[in-house]
């Protein structure tokens, strides 16, 4: 058995990540991280607090996983654990005080404790009420509303695609959360294509394929994120194909998301692409300035944060392609402002 040097693995991974992450962000979010353990292809990453954990999970998870796999192909997924005994927690006290000076009590901007429903994997913060509609996403939004009115019939499947950080996950989870709110008996389930693949492989390995198949056939609404992850995974694609047919034939609503249109995804079987294209395909493009500004203002209002108009306008003009990065820069500016205020006391 080959012994893996966890420290070396993480050092090499950080070196890879540092190329694509700005120096300020790299120091802020990766400085106090380490691999806690590596078990059966799962990397358990030690982080100093919930703030860092949620940020890494939401903004850098895909990059971290990709960088780890560059160094060790056996890595299947990444889990984040809080190392409460870490000495860095002492150093983070000033950060927490600074956050309280900037963020309202009970809620950090998009980075508070995320209460994921374990029954359906949906995050309740993703709602239509908090989704900003602009010309860049109005078609996808309209298609989502049509699905709500006639699930399993109109626009089935619904396939939403667009670049990273443009709000696809927010929108498709908002559909699931809306269904839950209007009909408590409707069985809704959200998952990533990566998680589906891992479950599929484990089920086959443990001779539990029949249990795996039955699990997903009982849902009224199935939402699968990042479908491009299925590329090159023939067995998983076969399972998705048969699952799709079963759900579709029973008028169950199916929702997919991807970073590109079905025809542009390499490594996906044509028969599966044809299923993706059989309903409604809607893209989300990069937001224009007015939409970026509206998103930032909505976030500050939502969390009752008083931010100078010129700061919000500047962020909206500089960050042009990624809503997640847009919110991240706003977070970073607010935190840095809070730290400076504390240091002047």
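The values are calculated or read from the model by the stated rules, or taken from the named source; none is laboratory data. Note that this is a predicted model, so its numbers are computed, not measured. Cβ placement follows ideal geometry from the backbone for every residue including glycine, while neighbour counts extend to all protein chains displayed.
For segment 244-256, the condition of being touching a helix residue (DSSP H, G or I) at 6+ places or on another chain (Cβ under 9 Å), assigned to a loop (DSSP other than H, G, I, E, B) and under 25 Å from residue 156 (Cβ atoms) holds for at least one residue. When each of 213, 180 is tested for being modelled with pLDDT under 95 and closer than 22 Å to residue 143 by Cβ, the lone residue that passes is 180. Scanning segment 35-67 for residues that are under 10 Å from residue 80 (Cα atoms), without any contact (Cβ under 8 Å) to a residue 40 or more places away in the chain and not in a helix (DSSP H, G or I) turns up 35, 43, 44, 45, 47.
The residues of segment 279-306 that are touching a helix residue (DSSP H, G or I) at 6+ places or on another chain (Cβ under 8 Å) and within 19 Å of residue 162 (Cα to Cα), listed by number, are 280, 281, 282, 283, 284, 287, 289, 292, 295. Would segment 262-282 turn up any residue that is surrounded by fewer than 19 Cβ atoms within 10 Å (Cβ to Cβ), assigned by TED's automatic domain parsing to the domain that holds residue 186, touching a residue at least 40 places away in the same chain (Cβ under 8 Å) and within 14 Å of residue 140 (Cα to Cα)? No, there is no match, as no residue in segment 262-282 is surrounded by fewer than 19 Cβ atoms within 10 Å (Cβ to Cβ), assigned by TED's automatic domain parsing to the domain that holds residue 186, touching a residue at least 40 places away in the same chain (Cβ under 8 Å) and within 14 Å of residue 140 (Cα to Cα).
With respect to residue 30, determine if the residue is closer than 22 Å to residue 326 by Cβ and surrounded by fewer than 18 Cβ atoms within 10 Å (Cβ to Cβ). So residue 30 does not fit the description; no. Among the residues of segment 20-32, just one is within 12 Å of residue 64 (Cα to Cα) and not in a helix (DSSP H, G or I), namely 21. Within segment 283-300, restricting attention to residues that are modelled with pLDDT of 90 or more and under 27 Å from residue 231 (Cβ atoms), the residue that is surrounded by the most Cβ atoms within 10 Å (Cβ to Cβ) is 284.
Considering segment 185-198, the residues that are touching a helix residue (DSSP H, G or I) at 6+ places or on another chain (Cβ under 6 Å) and assigned to a helix (DSSP H, G or I) include one that is surrounded by the most Cβ atoms within 10 Å (Cβ to Cβ), namely 193. Of the residues that sit in segment 39-54 and are over 18 Å from the mean Cα position of the chain (by Cα) and over 16 Å from residue 66 (Cα atoms), which one is surrounded by the fewest Cβ atoms within 10 Å (Cβ to Cβ)? Checking each candidate, the answer is 40. Considered as a group, the residues in segment 301-323 that are buried (at least 17 other Cβ atoms within 10 Å of the Cβ) and touching a residue at least 24 places away in the same chain (Cβ under 8 Å) include one that is farthest from residue 62 (Cα to Cα), and that residue is 307. Looking across segment 3-35, the residues that are in contact with a strand residue (DSSP E or B) (Cβ under 9 Å, 6 or more places away or on another chain) and under 14 Å from residue 75 (Cβ atoms) come down to 4, 6, 9, 10, 13, 35.
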